[in-house]
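K.L.:
Could you have a look at this structure, given as structure tokens, before my questions?
The values are calculated or read from the model by the stated rules, or taken from the named source; none is laboratory data. All values reported here derive from a predicted model rather than from experimental measurement. Quick reminder, even Gly has a Cβ in these numbers, built from the backbone with ideal geometry, and neighbours come from all protein chains shown. These area figures cover heavy atoms from the full protein model, side chains too; ligands, DNA and RNA do not enter into them. Shrake-Rupley method; radii C 1.70, N 1.55, O 1.52, S 1.80 Å.
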Amino acid sequence: MNTRFLDAMNRRVLVFDGATGTNLQTQNLTAEDFGGAELEGCNEYLVLSKPSAVENVHRDFLEAGADIIETNSFGSTSIVLAEYGIADLAYKLNFEAAAIARRMADAYSTEEHPRFVAGSMGPTTKLPSLGHIGFDEMRDAFHEQAAGLIEGGADLLCVETCQDMLQVKAALAAIHRYFEETQTRVPVIVSVTIETMGTMLMGTEIGAAVTTVDPYDIVTVFGMNCATGPKEMEENLRYICQNSQRPVFVMPNAGIPENIGGHTCYKLTPDELEQYMRRFVGELGVAVIGGCCGTTAEHIARLAALARELRPAAREIDRSAMVSSLYAPVPMHLDPPPLLIGERCNANGSKKFRELLLEERYDDMVAMAREQIREGAHLLDVCVAYVGRDERRDMREVVSRFNTQASIPLMIDSTEVDVIEEALKHYAGKAIVNSINLEDGEERMAQVLTLCKRYGAAVVALTIDENGMAKTAEKKFEIAARIRELATGKFGMRDEDLIFDTLTFTLGSGDEEFRRSAIATVDAIRMIKSAWPRCFTSLGVSNVSFGLNPHARHVLNSVFLHYACEAGLDMAIVHASKIMPLYKIDEEGRGIAMDLILDNRRWEPA
Ligand code: THG
């Protein structure tokens with residue numbers, strides 16, 4: 001990757017330009033300028049019909065001292081252009097928009113003051129989380145846009161004014177693919193829009209947006225733009241500065257738009273904008289600033305002056321690992337543990353869920369998800385595998401509903417690579433994939449880890465290799481070490497996105513082979529947590545009591561969970577309402593359960 005932009009960002013605060021749309025409007029363009037009545041209002045077409053209007057905007061901001069100008073391509077995806085009947089011009093419009101900005105930036109660039117071109121990629125007019133458009137179609141449209149922008153001369157890409165995290169994921173999948181195909185790479189900014197009500201349009205909290213973008217290596221800078229002025233942004237911006245690992249970007253409007261006599265007015269003065277930005281940079285540590293709707297060359301001139309004198313404050317960043325739904329993040333480690341993963345949305349683990357699946361009663365499946373949330377689940381395991389049914393289709397139907405109708409993050413439980421990908425394409429948050437192992441060697445694991453990287457997911461790894469399920473703590477640890485080595489070394493996964501499951505066997509059968517299995521499972525957790533403190537551990541706790549009566553199951557599950565947590569277990573797949581605190585279990589029950597777990601043979605069936 002060309003490092004000029006990164007070098008400049010490391011040296012000083014960088015300044016984006018101001019509003020494109022509002023500054024095109026002030027030029028009083030005619031229908032003819034737009035290329036005819038049917039294209040009037042299509043700002044993106046101006047790069048062909050009236051490039052001088054676009055050059056005027058760029059020139060004003062370059063004269064004002066902007067380091068980065070944005071291409072006039074906000075809506076230049078085939079998706080938006082189709083509304084004007086010119087979807088086929090998408091590549092050309094992006095290429096031209098970048099070429100115009102490139103020429104202008106080059107004309108103003110000097111050795112001491114390089115100017116950069118950011119390829120603007122707007123949100124389109126469709127929300128994939130609401131099913132307005134499919135993931136693949138949206139990704140392909142962004143791919144074409146990214147290609148046009150980069151080939152036309154953009155130095156970086158700016159995925160901006162994001163409304164729906166699934167749209168962000170489609171854009172990042174497109175950019176990722178373009179980078180792989182062409183072996184090129186440019187910096188990528190992701191900037192989300194927080195509406196006045198305090199979330200993105202789809203209801204996403206800022207923490208969910210930060211978490212969902214966090215695993216993507218290709219994202220260089222993260223921040224927010226549009227919808228409000230700087231005042232309304234401050235709290236969310238502070239969250240980003242305290243929680244995102246990346247340099248922070250902010251591009252407010254010149255205040256909240258006001259409707260005055262049928263005209264949209266933005267009233268924040270250059271002076272006011274400068275005062276807010278001084279704090280954002282000097283106190284919060286924001287690194288890249290600019291203006292969105294309503295900001296003029298005067299606003300940008302003030303920011304350019306500010307950038308010359310001010311350094312970003314040092315940031316103290318909370319690096320707690322999280323996963324996220326479309327709406328809100330959840331930490332992967334709770335204090336006290338465990339994080340509870342609801343087990344019941346599983347066609348193999350719940351008769352009721354299986355029957356609802358067979359009857360395709362999706363609303364009732366959503367109701368089961370919500371019931372688990374009420375019962376205290378922090379995450380939901382989702383498995384729709386059923387012999388004879390189309391698992392991929394079932395996964396799509398379920399995940400696309402849970403995405404918007406269940407508020408907590410999902411764990412995608414499937415053995416099929418194509419089913420996992422289908423789930424990740426319909427999930428707007430940061431999911432966990434359940435699971436990988438080395439049973440069939442490295443090939444399948446490689447496929448699933450590739451998906452985790454492409455869609456930004458964490459993953460559960462089972463301690464199973466070519467010889468089957470590990471039974472001793474040492475063997476479990478050895479397989480975990482091999483998986484971790486491959487996952488982090490070869491596939492670029494981070495420790496915090498790896499969750500080891502050291503396998504739970506039933507103690508309910510009395511089977512001699514498994515009588516010491518719980519000890520081995522829990523010892524392996526201890527070894528893993530002490531060797532790699534940033535990795536996580538999980539267990540399918542209910543497996544431990546298969547074969548026992550319901551009450552005995554609840555007691556044994558609860559005591560086993562408690563014991564495993566003392567050894568460092570972070571999360572557990574459970575039926576949350578059936579987990580009892582220890583004080584609610586009589587001493588005899590606790591004693592019998594611990595004897596089973598520790599294989600103290602005081603207790604033998606009569
Ligand atoms: N590790 C990982 N994933 C897993 C498991 C694991 N996923 C599946 C399973 N094991 C965990 N989930 C369940 C779900 C339900 C039950 C047990 C484990 C269960 N169900 C009742 C039964 O079968 O008797 C049925 C209840 C009903 O029908 O309502 O016990 O270990 N990574």
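K.L.:
Among the listed pairs 476/529; 231/267; 351/425; 430/471, which have their C-alpha atoms separated by more than 20 angstrom in this model?
P.N.:
As for pairs spanning more than 20 Å Cα to Cα, those are 351/425; 430/471.
K.L.:
Taking only Cα atoms, what is the 0 to 90° angle, nearest 10, from helix 90-108's long axis to the longest principal axis of the chain?
P.N.:
Compared with the principal axis, the helix lies near 60 degrees.
K.L.:
Here is a follow-up. Can you give me the C-alpha center-to-center distance between region 203-231 and region 489-543, rounded to a whole angstrom?
P.N.:
34
K.L.:
When only alpha-carbon atoms are used, what values of Rg and Dmax, in angstrom, describe region 455-606?
P.N.:
Using the Cα atoms of region 455-606, the pair Rg, Dmax is 15.9, 54 Å.
K.L.:
Compute the helix-to-body angle for 270-279: its Cα long axis versus the longest principal axis of the chain, expressed 0 to 90° and rounded to tens.
P.N.:
Roughly 30 degrees between the two axes.
K.L.:
What angle do you read, to the nearest 10 degrees and between 0 and 90, between the alpha-carbon axis of helix 473-489 and the longest principal axis of the chain?
P.N.:
It works out to around 10 degrees.
K.L.:
Given a 1.4 Å probe and every protein chain left where it sits, what share in percent of the accessible area of the chain is carbon and sulfur?
P.N.:
48
K.L.:
Name the trypsin sites (Lys or Arg not before Pro) in region 435-527 that are in a loop by DSSP and that have at most 14 other C-beta atoms within 10 Å, would you?
P.N.:
490
K.L.:
In region 289-343, which GluC sites (Glu not before Pro) fall in coil by DSSP and have 14 or fewer other Cβ atoms within 10 Å?
P.N.:
316
K.L.:
What FRET efficiency do you get for residue 515 and residue 245 if R0 is 60 Å and r is their Cβ-Cβ distance, rounded to the nearest 0.05?
P.N.:
0.85
K.L.:
Rounded to whole Å and sorted largest first, what semi-axes of the equivalent ellipsoid does the C-alpha gyration tensor of the chain yield via the square root of 5 times each eigenvalue?
P.N.:
51, 24, 21
K.L.:
Cα-based Rg (one decimal) and Dmax (whole number) for region 336-449, in Å?
P.N.:
13.7, 42
K.L.:
Which translational diffusion coefficient, to the nearest whole µm²/s, is obtained for region 393-466 from the Stokes-Einstein equation, given a Kirkwood hydrodynamic radius over C-alpha pairs, 37 °C and 0.692 mPa s?
P.N.:
Diffusion coefficient, whole number: 265 µm²/s.
K.L.:
Largest first, how would 551, 575, 378, 58 line up by accessible area (1.4 Å probe)?
P.N.:
Descending order: 551, 378, 575, 58.
K.L.:
Residue 582 versus residue 446, label points 7 Å from Cα toward the beta carbon: distance in nm?
P.N.:
Between residue 582 and residue 446, the label points sit 4.6 nm apart.
K.L.:
Express in whole angstrom the spacing between the alpha-carbon centres of region 75-107 and region 158-187.
P.N.:
Using only Cα atoms, the two centres lie 17 Å from each other.
K.L.:
So which lysines pass the test for residue 490, namely a Cα distance under 18 Å, with those fewer than 8 places away in the same chain ruled out?
P.N.:
453
K.L.:
Kindly report the accessible area of region 186-330 per residue (heavy atoms of protein chains, probe 1.4 Å, no ligands, DNA or RNA), in Å².
P.N.:
37
K.L.:
Residue 50: which lysines have alpha carbons under 27 Å from its alpha carbon, excluding same-chain residues fewer than 8 sequence positions away?
P.N.:
92
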